[in-house]
1. Could you tell me how many of the residues in the range 520-566 are in contact with a Gly (Cβ under 8 Å, 6 or more places away or on another chain), open to solvent by 60 Å² or more (accessible area, probe 1.4 Å) and assigned to a loop (DSSP other than H, G, I, E, B)?
2. What do you reckon, is G517 closer than 27 Å to L222 by Cβ and surrounded by fewer than 17 Cβ atoms within 10 Å (Cβ to Cβ)?
3. Given (1) within 23 Å of D26 (Cβ to Cβ); (2) open to solvent by less than 10 Å² (accessible area, probe 1.4 Å); (3) not in a loop (DSSP other than H, G, I, E, B), where does E202 come up short, assuming only one miss?
4. Take the conditions touching a Pro at 6+ places or on another chain (Cβ under 9 Å) and surrounded by 21 or more Cβ atoms within 10 Å (Cβ to Cβ) and apply them to V487. Does it pass?
5. Kindly indicate whether W569 is farther than 26 Å from D433 by Cβ, aromatic (F, W, Y), modelled with pLDDT of 95 or more and touching a strand residue (DSSP E or B) at 6+ places or on another chain (Cβ under 8 Å).
6. Restricting to the range 490-501, name every residue that is part of a strand (DSSP E or B) and either open to solvent by less than 50 Å² (accessible area, probe 1.4 Å) or touching a helix residue (DSSP H, G or I) at 6+ places or on another chain (Cβ under 7 Å) (or both).
7. If you go through the range 155-167 one residue at a time, how many are buried (at least 22 other Cβ atoms within 10 Å of the Cβ) and either over 15 Å from A563 (Cβ atoms) or modelled with pLDDT of 95 or more (or both)?
8. Kindly establish whether V425 is farther than 30 Å from E312 by Cβ and either touching a His at 6+ places or on another chain (Cβ under 8 Å) or open to solvent by less than 20 Å² (accessible area, probe 1.4 Å) (or both).
Amino acid sequence: MADHSTTPPDDPGSAGDATITVPINDSAAGGTYYQPFEQAYAGETPDGTPVYVYVPTGALDGVAGVHSLDPAFDPTPGDEFEPCGQGAEDYVITQEQIDYLGDELADRIVASDEAHFGEIGSAGASGDALVTLVYNVQDENYYDCAETSYTAGYFAPGYIDESGTNVIVIDAFDWANRVGADPSSAPWGDGDPDNDSPELYEGVIAHELEHLLMNYADPGELSWVDEGLADMAAFLGGYDMTGSHLTYQQVFHRETSLTRWGGGLENYGASFSYFAYLWEQAGGNGGDDFTPDAEYDDTAGDLLIKRIFEHEADGMAGVQAAITEFNAETGSDLRSAEELFRDWAVTMYLDDEDSPRWDLASFDLGPASGGWTIDIANSEFWDDRGSYQGAQPENKWSRDPHRPAGDAVPFGVSYEKFRNPGPRVSLEFDGEDETSVAPHTGDTHWWGGYESQSDKVLDLTTPVLPGQTVSFWNWHFIEEGWDYGFVEALVGTEWQTVAVELAGTDTVVSSDEDPHGNNTEGNGITGTSGGEYFVDEPEYLQYEVTVPAGATDLRWRYSTDAAYLDTGWFIDDVAVAGVPAAVSSSDWVETDGVQDNNWTVQVISACDLTPGETTEGELTDDAGNHVYRFDGDLITTYPLDTKCANGPNTDFVVSVSNLPTGDITALDAEYDYSVVKRNK
């Protein structure tokens with residue numbers, strides 16, 4: 001039985017070989033080791049794309065002692081990370097399971113993903129072959145038995161770069177209950193349908209394959225778009241998507257930004273439900289068919305999703321550009337990306353199957369998708385958060401323990417419910433006009449941007465000499481241990497990283513630690529300037545470097561990986577030997593650091609709050625829902641006649657969202673509002 005090695009092999013093998021050796025990254029304990037895998041399945045898609053499944057050598061003969069499968073295997077012995085080591089029986093993998101999954105890949109998943117999004121690219125000697133690795137992924141769950149969530153699968157672009165192979169990974173946990181449309185009755189099942197999570201891993205593969213396709217099509221795309229489309233890949237492939245992603249989004253709705261990726265299940269739920277809503281509003285499969293069938297129809301919602309995937313613009317700008325293209329191609333009049341966001345915010349609360357505008361036809365939010373609705377979450381999970389009875393005079397409103405803090409994540413939604421507030425009320429709302437990361441001095445500073453899988457360079461254009469000190473003020477909030485900032489010097493023909501110190505001290509603020517293979521050059525800057533990551537607010541600090549011997553130029557490089565992003569890296573007031581210096585870049589953004597906040601307040605009611613007239617911003621549907629939409633930083637609504645919202649079973653809901661624009665769109669913003677009694 002082949003054990004792992006900490007030394008890269010001379011010949012790792014390639015897709016189709018009987019054995020291959022693969023670099024495995026431990027996302028919890030850190031470090032990389034090299035694990036031999038053996039081929040367990042070989043097939044091809046109808047159009048000839050080779051498909052392989054590999055497992056750790058010896059895995060099909062049992063679990064005990066198999067490196068990268070046995071939960072007692074310790075890839076980094078001697079450190080503080082001890083494997084949980086329990087439940088070896090949950091990691092049994094059978095040839096029948098592998099054959100089934102391989103056939104599903106070859107006959108369905110790859111074809112559906114490629115049709116809906118794009119073709120698998122060539123990865124060096126392995127070409128367009130697709131390798132699926134099955135092993136026991138080392139994550140938080142691996143080392144902590146109390147951790148209930150786990151990494152079901154992933155795609156890492158590094159496999160293409162390091163191994164020249166298109167690779168996606170599926171965890172080996174509990175295949176007996178998570179593979180097949182009816183696992184309990186499958187040859188590998190335990191006979192208990194209560195344990196089943198049908199086709200869970202099939203959906204994970206479809207999800208991760210979209211990431212691989214996006215890596216070829218647009219590797220800089222923002223995570224919220226890529227992850228939402230990846231969930232759409234599973235959905236469009238016909239796999240059940242009513243599980244934890246939608247549940248977590250319903251429960252943690254107020255804390256969840258659509259556009260600022262946090263990596264939680266709630267983020268997946270928000271991104272997926274937004275794109276599912278767009279797919280439906282664009283017509284689904286066409287002909288009012290909202291049942292995914294794994295077939296690409298080149299029309300309606302299928303066409304829109306493909307245009308979003310293909311467009312080079314990133315984030316919300318890319319979504320809007322795709323909608324514009326879609327309307328031009330089809331003659332449709334689909335609403336803007338931001339208007340669809342506002343309607344999605346209403347839909348996630350109402351989900352009214354009788355409403356053509358505020359319904360997710362493909363899902364029934366609530367009992368059929370995890371048991372939670374926004375109302376249930378606010379009531380039971382958050383202890384009646386945002387739920388108010390009766391009139392709300394200032395002295396009562398300001399002290400209400402159920403009132404949430406007035407902060408908003410970008411492109412998030414809060415919902416607060418009022419019952420019997422008085423016969424006539426209006427809302428008075430005041431939202432922060434701007435939020436910013438202010439320059440250290442002056443009107444502008446340089447920002448490394450907000451883009452996944454990027455290396456953004458800021459050049460020092462002032463000449464330097466070896467031995468000189470280059471100082472710079474910087475503010476950074478960089479994903480700790482995964483993304484890095486570097487100061488680099490050109491020595492001869494090579495750029496070399498330079499150690500960075502806190503100015504005026506001997507304190508080194510850069511690090512050679514490389515827990516995830518993203519700081520191989522060393523001297524990386526990561527985390528929060530002036531504080532503890534995700535505890536303290538970043539602050540502007542002055543750093544400095546010494547120009548090394550033989551160096552002729554200096555630059556700053558901000559490097560991000562394929563997933564989560566923090567606000568990033570700002571640089572200002574650069575000096576060479578104490579004299580102000582000049583910088584330039586085609587990659588970094590010279591910005592005032594201001595985020596322009598754009599607030600939307602929506603009142604959602606099951607009855608007409610302005611009877612006898614159609615007021616500005618009032619929207620209705622055929623199901624009797626009324627929505628009153630107000631935009632601006634300072635809003636006073638017209639009077640709302642709330643007599644129809646009186647009684648024990650009626651209410652109206654106020655939702656608040658910030659749709660920021662500008663160079664920066666990832667900052668929280670503050671707001672306040674009140675419900676004011678009106679006599680007429």
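The values are calculated or read from the model by the stated rules, or taken from the named source; none is laboratory data. Bear in mind the structure is a predicted one, so any value in this text is a computation, not a measurement. Heads up, the Cβs are rebuilt from the backbone with ideal geometry, glycines too, and the neighbour counts pull from every protein chain shown. Areas reflect the complete protein model, heavy atoms only, side chains present, ligands, DNA and RNA absent. Shrake-Rupley method; radii C 1.70, N 1.55, O 1.52, S 1.80 Å.
1. Of the residues in the range 520-566, 4 are in contact with a Gly (Cβ under 8 Å, 6 or more places away or on another chain), open to solvent by 60 Å² or more (accessible area, probe 1.4 Å) and assigned to a loop (DSSP other than H, G, I, E, B).
2. yes
3. Exception for E202: condition (1).
4. In short, no.
5. No; evaluated as a whole, the condition is false for this residue.
6. Correct list: L490, V491, T497.
7. Number of matching residues: 4.
8. Yes.
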